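The values are calculated or read from the model by the stated rules, or taken from the named source; none is laboratory data. Nothing here was measured: the structure is a model prediction, and the numbers come from that model. As a convention, Cβ positions derive from the backbone with ideal geometry for all residues, glycine included, and neighbour counts pool all protein chains shown.
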Amino acid sequence: MKRRSFVQSTVAAGLLASPIAQALTDGQKLDKTPSDFEGPFYPEGPRNESNDLILGAPRSKVLHFRGRVVDVRGQPKSGALVDIWHTDPLGRYKHTKDDSPGDRWDDFRYWGEALVDDEGGFEFRTYVPGAYNPRPAHIHFKIWENRRLLLTSQAYFVELGGTQGKSRSPRYSDLQTVSLKDTGDDELQSYLQVVI
Ligand SMILES: [Fe+2]
């Protein structure tokens with residue numbers, strides 16, 4: 001199974017240090033990431049067994065979507081698989097059920113997967129999804145372990161669009177929200193900790 005190697009290199013460089021990770025005292029447990037609905041656009045066809053969703057020169061700012069997957073004790077879920085799918089920056093899924101107009105981008109994969117490393121880290125190279133009302137921009141994801149589904153949920157960019165803001169529709173928790181950090185290099189970063 002071929003996978004691109006930039007995740008390993010960034011982990012080695014210490015770039016995945018978690019802003020959320022914290023030492024747990026005896027008996028303390030993290031809150032689990034809530035499950036969320038799958039939606040109608042789970043990928044069809046051959047899997048993209050890569051954490052790099054962009055082919056060729058990027059069309060717009062690249063998003064490095066990083067995070068960790070841990071259990072309630074904060075222990076890394078090494079070897080688990082993070083499976084993501086989301087829209088292109090124009091808010092369109094690549095799916096036969098999505099009738100949004102326009103040709104889909106041949107140089108964008110729309111979905112991908114990443115193995116969780118020994119530290120619990122994962123990373124994707126993608127674009128910021130487009131928002132489609134009434135929901136803010138979001139990345140759908142599933143966590144698998146040995147082909148067993150552990151979680152289906154979504155990560156929400158609450159500052160990006162949607163007519164149903166969090167205050168009006170509290171259907172997702174803070175544990176599912178991510179923010180965008182501009183690195184100043186024409187790239188963006190987001191970080192999500194997933195607790196199984
Ligand atoms: Fe969606």
(message) Given the criteria aromatic (Phe, Trp, Tyr), more than 19 Å from residue 94 (Cβ to Cβ), buried (at least 18 other Cβ atoms within 10 Å of the Cβ) and at pLDDT below 95, does residue 157 qualify?
(response) yes
(request) Could you tell me whether any residue of segment 89-104 is crowded, with 18+ Cβ neighbours inside 10 Å and away from the ligand (no atom under 15 Å from the Cβ)? (result) no
(message) Report every pair of residues separated by at least 6 positions or lying on different chains whose Cβ atoms are under 6 Å apart, first residue within segment 84-98 and under 13 Å from residue 128 (Cα atoms), second assigned to a loop (DSSP other than H, G, I, E, B) and more than 10 Å from the ligand (Cβ to nearest atom).
(response) 85/43; 87/130; 88/105; 89/60; 89/130; 90/130; 91/130; 92/100
(message) Being surrounded by fewer than 23 Cβ atoms within 10 Å (Cβ to Cβ) and within 12 Å of the ligand (Cβ to nearest atom) is the filter here; which residues of segment 112-132 pass it?
(response) 130, 131, 132
(request) Filter segment 133-156 down to residues that are over 13 Å from residue 38 (Cβ atoms) and among the small types (Gly, Ala, Ser) and give me whichever is farthest from the ligand (Cβ to nearest atom). (result) 155
(message) So, in segment 51-77, exactly how many residues are under 15 Å from residue 142 (Cα atoms) and either of a type in the set (Gly, Ala, Ser) or within 16 Å of the ligand (Cβ to nearest atom) (or both)?
(response) 2
